[in-house]
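The values are calculated or read from the model by the stated rules, or taken from the named source; none is laboratory data. All of these numbers come straight from a predicted model, not from anything done at the bench. Cβ placement follows ideal geometry from the backbone for every residue including glycine, while neighbour counts extend to all protein chains displayed.
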Amino acid sequence: MYTPRHFSISDQQELLQFIQDNAFGQLISSHNDRPEATHLPFLLSQDGERLLCHLARQNPQLDSIDEQQVLIIFNGPHAYISPRWYHSPGVPTWNYQSVHVYGIARTFSDEDRLISVVNQLSEKYEAGAENPWQPEYSAKMLRAIVGVEVEIKEIQGQYKLSQNRPAKDRQRVMQALQAEGEIAIAEAIEQWSKS
């Protein structure tokens, strides 16, 4: 990913936390000499060295993904930034947070591993519900999916949050975004303005 110096995020713990907080990503691989992508939730292993997910067995991406280098993209909040919000001259742009993970994909069909992945995903996204749904899967349902484990080789992060603008401009950008209801990206700009 092209990352100008002032937008680059290299702190490993920050990048892993971003993945945890924004775990719905795009799994991109090569299939029949063209890029193929699937949008799905991921689990980050406790040691931060692997990502886990599952695909429908009928997904053609499974035909060639095993042992292939893949790209997974995780996005956070984003919004259009108008130059009318600046005190000093500028151009239209977009603020965003994005993390790219490169790694080697390996598929698995072991029922116990699949149950573990599906249960962990359910627990994560059912957490906080008044009456959380309890996973219960038949062998037939599990045969309809294939697990994918991605061994992480490289993580790249970019938070483009007006860091290249003067403090007065960043303040005006945050105020304009809040007025437009873009609270998450405004909060991200505020957080990283203090860094």
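Take A144 and tell me if it is over 24 Å from the mean Cα position of the chain (by Cα) and of a type in the set (A, V, I, L, M).
yes
I'd like to know if the stretch 54-70 contains one or more residues that are in contact (Cβ under 8 Å) with a residue 12 or more places away in the chain, under 24 Å from E187 (Cβ atoms) and in contact with a strand residue (DSSP E or B) (Cβ under 9 Å, 6 or more places away or on another chain).
no
Scan the stretch 126-148 and report the pairs whose first residue is more than 17 Å from L40 (Cα to Cα) and touching a residue at least 12 places away in the same chain (Cβ under 8 Å) and whose second residue is of a type in the set (K, R) and not in a strand (DSSP E or B), with Cβ atoms within less than 8 Å and a gap of 6+ or a chain change.
R143/R57
Kindly provide the set of residues from the stretch 10-33 that are assigned to a strand (DSSP E or B) and modelled with pLDDT under 95, ordered by number.
H31
What's the number of the condition L27 fails, among (1) farther than 30 Å from P166 by Cβ; (2) surrounded by fewer than 19 Cβ atoms within 10 Å (Cβ to Cβ); (3) not polar (S, T, N, Q)?
Unmet for L27, out of (1) farther than 30 Å from P166 by Cβ; (2) surrounded by fewer than 19 Cβ atoms within 10 Å (Cβ to Cβ); (3) not polar (S, T, N, Q): (2).
So which residues in the stretch 93-104 are over 30 Å from E149 (Cα atoms) and either among the hydrophobic types (A, V, I, L, M, F, W, C) or modelled with pLDDT under 95 (or both), if there are any at all?
W94
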